[in-house]
Amino acid sequence: MAEESIDRLATQIEDRLLRGVRISVLAVAVTVQFSLSLPELLRNGSRYSLLWPQVTAFVLFVVVAAGAAVFLARGGRIPHGARAAGVGLALLAAAAAAGSAPPGSHLEPADWYFGLTGWHGVLLLFDLRLRFLAAFLATVLGLTVVKMAAPGMPDLRTWAAMAVAAVSVYGFQLALGLLGHAVQRISVRARKAAAQEELIRTEEEAAEHRHRDHRQRYAALLPTLVPLLAGLGYGSLDPGDPDVRRRSVHEAAKMRRLFAESDDVPDPLAHELRAVIAVAERRGVAVRFAVRGAPRTPPKEVRRELIEPVSAMLAAVTADARVTLVRASDRVRVSAVGDAKDYARPAHRPGRVQVHHVESEGRAWVETSWRSR
């Protein structure tokens, strides 16, 4: 989820940067069209072989600019279909304007379409691979060259003059295409930096969580395990005493359960119960374990309260026991019955988990339950 949020944020930043560049290019294209191209079209109207192709070309450029403005207002990205249509209209406009331009001209003011077409190409293609913009500009340049050479091959000076004009106009526009790639490279680096920062933050949170979890486990063992180990170490407790042995088994089961809490399993409660049962089985106790209902994952503290009374009872069992885990839609119950008697029941504070004990004729039954809502 964190990676998805990072990618989404990086994409939003990239969209904003590209949208800002595209708005700037659109403003330049519209300004060039109405402040430079339109006056030249009106001033040279009598020189064109046909005027209506020039007017049609001008209107097509307006349509392309208006369509781009609509998409920018709606979200910023121009769909591929609309982009392809805009490129086609811009090239059609350039061909119409070049076809009726004064013959033999070489990028004089009457060729108002030349620089304007390039700006529309930048508007539509600058954020794609550079070869798309280069191919677009080359196509427009090719139309102009064909128009210029149609009446007859111009002299070298004419070719040089046209080359200087083409390089000065399209060279600058092609350089703007590099700006789109620069923005995308910055976005990629920003995405990588954000992902690295998020990874470090996640690792720090995981380390803090593990440290907190270890402290909680130690705190859970401290009141009972440490006195038991100290008594055995200093000789104040007799290892042969049945009560001491029950306490030792109970603490061993508690430790196994705490270790099992860190395992990544689909059914933590059943997994932790099996860890407790394994300790009893190693003592030779025959334990039957039944699980009913779909897996449920109560909070860790609730799982501890559900298992602790059962673990204490199993520590006192000598021959056989039966453990049952039942999961319903709104309740989880853990019960155990076995040949245990007069065992020390762990302290329990009434709250989320309800505990019931029954002892009769040398057997004990304990049930813990938790209502999820």
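Each reported figure results from applying straightforward, stated rules to the coordinates on display, with no laboratory input. Quantities reported herein were computed from a predicted structural model and do not represent experimental measurements. Neighbour counts are summed over all protein chains in view; Cβ atoms, including those assigned to glycine, are modelled from backbone coordinates with ideal geometry.
Under 5 Å between amide hydrogens, which residues at least 5 positions from residue 267 or on another chain qualify, with H placed 1.01 Å from N in the peptide plane?
Amide H neighbours of residue 267, under 5 Å, 5+ apart: none.
Given H placed on each backbone N at 1.01 Å, which residues far from residue 320 in sequence or on other chains put an amide H within less than 5 Å of it?
286, 339
Among 275-284, 89-98, how do they line up by average Cβ neighbours within 10 Å per residue, starting with the highest? Don't skip to the end; give the middle numbers.
Numbers: 275-284: 17.7, 89-98: 22.6.
Output ranking for 275-284, 89-98: 89-98, 275-284.
Lys and Arg at +1, Asp and Glu at -1: add these up for the other residues within a Cβ distance under 11 Å of residue 345 and post the number.
Numbers: positive: none; negative: 308, 342, 359.
Taking every Cβ under 11 Å from that of residue 345, the sum is -3.
How many angstrom lie between the C-alpha centres of region 271-331 and region 33-96?
77 Å
Pairs of Cα atoms under 8 Å, at least six residues apart: use those to get the relative contact order of region 241-360, whole percent. Each step should come with its number before you reach the end.
Details: 160 pairs, mean separation 28.7, N = 120.
Value for region 241-360: 24 percent.
Through the Karplus equation 6.51 cos²θ - 1.76 cosθ + 1.60, θ set to phi - 60°, convert the phi angles of region 138-144 into ³J(HN,Hα) values in whole Hz; use x for Gly and Pro.
Per residue, the Karplus-derived 3J(HN,Hα) values read 5, 5, 5, 4, x, 4, 5 Hz.
Residue by residue, what Karplus-based ³J(HN,Hα) values in Hz, rounded to whole numbers, does region 330-342 have, using 6.51, -1.76 and 1.60 with θ = phi - 60° and x for Gly and Pro?
Rounded to whole hertz, the list is 10, 8, 10, 10, 10, 10, 8, 9, x, 7, 10, 8, 6.
With θ set to phi - 60° and the Karplus curve 6.51 cos²θ - 1.76 cosθ + 1.60, what are the ³J(HN,Hα) couplings of region 57-71 in order, to the nearest whole Hz, using x for Gly and Pro?
4, 4, 5, 4, 4, 5, 4, 4, 5, 5, x, 5, 5, 4, 5
Considering amide H positions built from the backbone, and no H for Pro or chain starts, which residues 5 or more places from residue 237, or on another chain, come under 5 Å of its amide H?
For residue 237, the qualifying residues are 232.
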